[in-house]
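**Q** Pasting in a structure now, in structure tokens, and then I'll have a few things to ask.
Please treat every number below as a calculation from the coordinates, not as lab data. Please read all numbers here as calculations on a predicted model, not as lab measurements. Here Cβ is always computed from backbone atoms with ideal geometry, including for glycine, and neighbour counts include all displayed protein chains.
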Amino acid sequence: MKKKHIFGAVMLIAGITASLVISTSQEATAEKPGECICLDVYDPVCIIETGQRFSNSCYAQCAGFTPDEYGPCDLD
């Protein structure tokens, strides 16, 4: 019986950890400069000054841009 409780607790912790990783995945994460982990979710943002397009805000942040420097793309 004790093994079932331990297994259930481990599965619960694993599920919570996975939820946290998924919920924060749009934020840029990097172990080293230039190394980012982003989901391939298409939600384009464009750099206001240059018009450069990124597939989502995570990739823009990984390229060194701040949220003040990008916004939704004009999809004309």
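**Q** So which residues in segment 34-46 are in contact (Cβ under 8 Å) with a residue 24 or more places away in the chain and β-branched (V, I, T), if there are any at all?
**A** Within segment 34-46, V45 is the sole residue that qualifies.
**Q** Another question, then. Give me the pairs: first residue in segment 47-76 and without any contact (Cβ under 8 Å) to a residue 40 or more places away in the chain, second residue among the basic types (K, R), beta-carbon distance under 6 Å, and six or more apart or on different chains, which are they?
**A** Close Cβ pairs satisfying both conditions: C73/R53.
**Q** Would you check which residues across segment 53-76 are assigned to a helix (DSSP H, G or I) and not charged (D, E, K, R) and list them?
**A** S57, C58, Y59, A60, Q61, C62, P67
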